[in-house]
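Some notes on the structure that comes next.
The values are calculated or read from the model by the stated rules, or taken from the named source; none is laboratory data. Please read all numbers here as calculations on a predicted model, not as lab measurements. FYI the Cβ positions are ideal-geometry reconstructions off the backbone, even for glycines, and counts take in every protein chain you see. Keep in mind that these areas ignore ligands, DNA and RNA; they rest on the heavy atoms of the full protein, side chains included. Shrake-Rupley method; radii C 1.70, N 1.55, O 1.52, S 1.80 Å.
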Amino acid sequence: MAYIISVNASIISSSGGPCVCDSSDCSTDQAYLSCIQEVRQDLITSTAAISCLASVLMGALANLPVGMAPGMGLNAYFTYSVVGYHGGGLITYQEALAAVFLEGWLFFILSLLGLRQWLARIMPQSLVLAVGAGIGIYIAFIGLTSGLNVIGGDVTNLVGLGGCDSSDWIPDLPYFCATGVLRSPTVWLGVFTGGIMTVLMMMFRIKGSILIGIFITSIISWPRSTPVTYFPNTDAGDQLFDFFKQVITWHPLKHTGNVLDYNYGKGKVWYALITFLYVDILDTTGTLYSMAKFAGLRDPVTLDFENSTIAYCVDAFSISMGALVGTSPVTAFIESATGIAEGGKTGITAVVIGLLFFVSVFFAPIFASIPPWATGGALVIVGSLMIRNVRDINWDYIGDALPAFLTILIIPLSFNIAYGVIVGIVTYALLNGFVWIVRKVTDGRISPPNYHASEPWSIPHGHIIPPWIKYLMSLRSSKVTDSPAEFPFEVRHRHSEISIDSQDPGIYTPKNSSFANSEK
C-alpha cells in the first residue's frame, strides 16, 4: 500500500489545491507551480497521517485485517471530475473538501442505522463489478497521460501520442505534440523501469514489486544534470532539491490543513456531496465486502460480516478526518488481500499497517521527490488488476451485459465516474424494468428467449436494521420476572454459532451439534 503516499499526493496536487493561478497559462506560471509543489509536500504528510489513523482504528475497533488510505479512483474522481485539472472544474478544492467532510458524517449516520450496508447489497452485481472495472481503465488512462505522458492531446482526434519535449508543444496547447512524439527520455524510463520491470518482478512474485519499481525509477531520476532528472536547474527544480536533501523531517501542513469552504450561497457543496455519496457507496462499501469475503468473514446468506457497523463507522469517521487534512475520501484498500493471503486474519494486521504509515510521515522529502513518470506505470498496473472484474460480469444476457458495458465505457471516456454509474443504473432500470412489467402483465407468457440466463436480482437477505438496534429492541421487549432471564437472540461467533438455552441460561450448546438434543 505504500505507493499510495506518492501517487495520491501527485494526483490531488494536479487539482492545484488552494493555489491561485493569476496568468492565462498556468503550466508556465512559476509562482503557481511552486505553490503546487508545496501542496504536494503537504499531501505527502496528509496521506501518510490519515492512513495511519484509519488503519489503526480499523484494526483496533473492528478487528479486521484491512488497511485504510485515500482510495485510488476516489482521488481521481475528486481531482479530475469535481475540482478539475488545475482547478478547472465547477467545484473549488476547498468546497470539495467540505463535501467530503459532510459525506463522512452522513455515512456515519447511515452506517449506524444499517442503511449503508443495505444499499451496497441491493446494487445489481454486474453493475458493481462494472464500476470497479471502469475505474481500473480510468486509473490506467491517468497513468498513461498525467504520469507517463505516453498519451497527449490531439487537435483532430482529441487524444493521441504524447511524450514530446515542451519545446515541441503546439503553441498555447500544453501536452499537444506538434512533432517529436515519444522522444522524451522520461517516458521510456517510466515505461521500462516503472512498468515492464515492475511487471516482471510481479510475475516472479517478488513482494513489494510496485514499490520497488517506483523507487528504482525515482533513484535514477534524482541525480541532477541528467536528461531524466526530476531536479532541473530551474527555480522550481532548486526548490524540490532543497526539500529532498532534508531526507527526514517533519513537514507541517501549510496549504491543505482545515481549509474547508461550505459556500452555502451557491450550492456547489451540495452538488459535490451528492456525487461523492453514490460513488463512495459503491467504492468503499464494495471493497470492504470484497475483503471480508476474501478473508472468509462474510455470511453467505445475509452477505454481511462481523463488526460491519463498526467498520463502516470507522471508515466514515476517517473520511471526515481526511478532509480536515486536505485529502480525498479514505477507503479500504484492495491490496489488503495480500496481507490476508499471507495469513492476516485479525486487526493486528491493520494496526501494523498503520504504524508503518506513521513512520512514513517523517520521510516526506523522499516521497515528495518521486516523479510522476515513476508512478505512472504503477497506475497502469493497478488498473490492469482492477479490470479483472469483467470476467465475473454476466455477459450471457443483454439486459445485464449492456448496462455493465456502458458503465465501463463511459467512466474513462467522460473522465467522470459518476456519469458512468448514472448511465449504468438508468440503462439497467429501463431494460429490466420493461421486461419485468411485460412479464407481470402477461403472467410470464411473454419473456425474452434467454431470460433464464439473466442475473437474478432480489432484495438481499438480512434485516435492514443493524444488530445493535435489534438488541436494544429485544431488551425493551423482554419481560422482567423472577424466573431465569430469557435471551431472544443468538450469539454469533466468527467460526461457529452458539445458541443460549432459554430454559437454562447456564447451558451453552453448539447449534446443530450432536449434543444439541442430548440429556442436560
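With the requirement that a residue be surrounded by 16 or more Cβ atoms within 10 Å (Cβ to Cβ), β-branched (Val, Ile, Thr) and at pLDDT 90 or above, what does the range 410-434 give you?
Result: Ile410, Val423, Thr427.
Scan the range 207-221 for residues that are at pLDDT below 90 and over 28 Å from Ser15 (Cβ atoms) and jot them down.
Passing the criteria: Lys207, Gly208, Ser209.
Working only within the range 338-351, note down all residues that are modelled with pLDDT of 85 or more, open to solvent by 10 Å² or more (accessible area, probe 1.4 Å) and part of a helix (DSSP H, G or I).
Ile348, Thr349, Val351
Please verify whether the range 262-270 includes one or more residues that are hydroxyl-bearing (Ser, Thr, Tyr), open to solvent by 30 Å² or more (accessible area, probe 1.4 Å), more than 23 Å from the chain's Cα centre (by Cα) and farther than 22 Å from Glu103 by Cβ.
no
One residue is enough: does the range 166-188 have a residue meeting the conditions farther than 23 Å from Glu335 by Cα, assigned to a helix (DSSP H, G or I), at pLDDT below 90 and touching a Pro at 6+ places or on another chain (Cβ under 8 Å)?
yes
Starting from the range 382-394, take each residue that is touching a residue at least 24 places away in the same chain (Cβ under 8 Å) and surrounded by fewer than 16 Cβ atoms within 10 Å (Cβ to Cβ) and list its partners that are assigned to a helix (DSSP H, G or I) and of a type in the set (Phe, Trp, Tyr), counting only C-beta distances under 9 angstrom and pairs at least six apart or across chains.
none
Consider Ser320 carefully, then state whether it is surrounded by fewer than 22 Cβ atoms within 10 Å (Cβ to Cβ) and within 17 Å of the chain's Cα centre (by Cα).
Yes; evaluated as a whole, the condition is true for this residue.
Of all residues being touching a helix residue (DSSP H, G or I) at 6+ places or on another chain (Cβ under 8 Å) and part of a helix (DSSP H, G or I) in the range 222-240, which is modelled with the lowest pLDDT? Just the residue, please.
Out of the qualifying residues, it is Ala236.
Filtering the range 306-317 down to residues that are open to solvent by less than 40 Å² (accessible area, probe 1.4 Å) and farther than 27 Å from Gly383 by Cα, which residue is modelled with the lowest pLDDT?
Ser308
For residues that are touching a helix residue (DSSP H, G or I) at 6+ places or on another chain (Cβ under 9 Å), of a type outside the set (Lys, Arg) and assigned to a loop (DSSP other than H, G, I, E, B), scanning just the range 189-221, find the one that is nearest to Ala2 (Cα to Cα).
Per the stated criteria, the residue is Gly208.
Give the number of residues within the range 67-91 that are surrounded by 24 or more Cβ atoms within 10 Å (Cβ to Cβ) and either more than 17 Å from Ala140 (Cα to Cα) or hydroxyl-bearing (Ser, Thr, Tyr) (or both).
9
A quick yes/no check of all residues on (1) among the hydrophobic types (A, V, I, L, M, F, W, C); (2) open to solvent by 50 Å² or more (accessible area, probe 1.4 Å):
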{"site": "Thr145", "(1), (2)": "no, no"}
{"site": "Gly152", "(1), (2)": "no, no"}
{"site": "Thr156", "(1), (2)": "no, yes"}
{"site": "Cys164", "(1), (2)": "yes, no"}
{"site": "Gly180", "(1), (2)": "no, no"}
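Can you name every residue in the range 15-66 that is open to solvent by 20 Å² or more (accessible area, probe 1.4 Å), hydroxyl-bearing (Ser, Thr, Tyr) and not in a helix (DSSP H, G or I)?
Ser23, Ser24
Which of the residues spanning the range 4-14 are of a type outside the set (Val, Ile, Thr) and buried (at least 24 other Cβ atoms within 10 Å of the Cβ)?
Of everything in the range 4-14, those that are of a type outside the set (Val, Ile, Thr) and buried (at least 24 other Cβ atoms within 10 Å of the Cβ) turn out to be Ser6, Asn8, Ala9, Ser10, Ser13.
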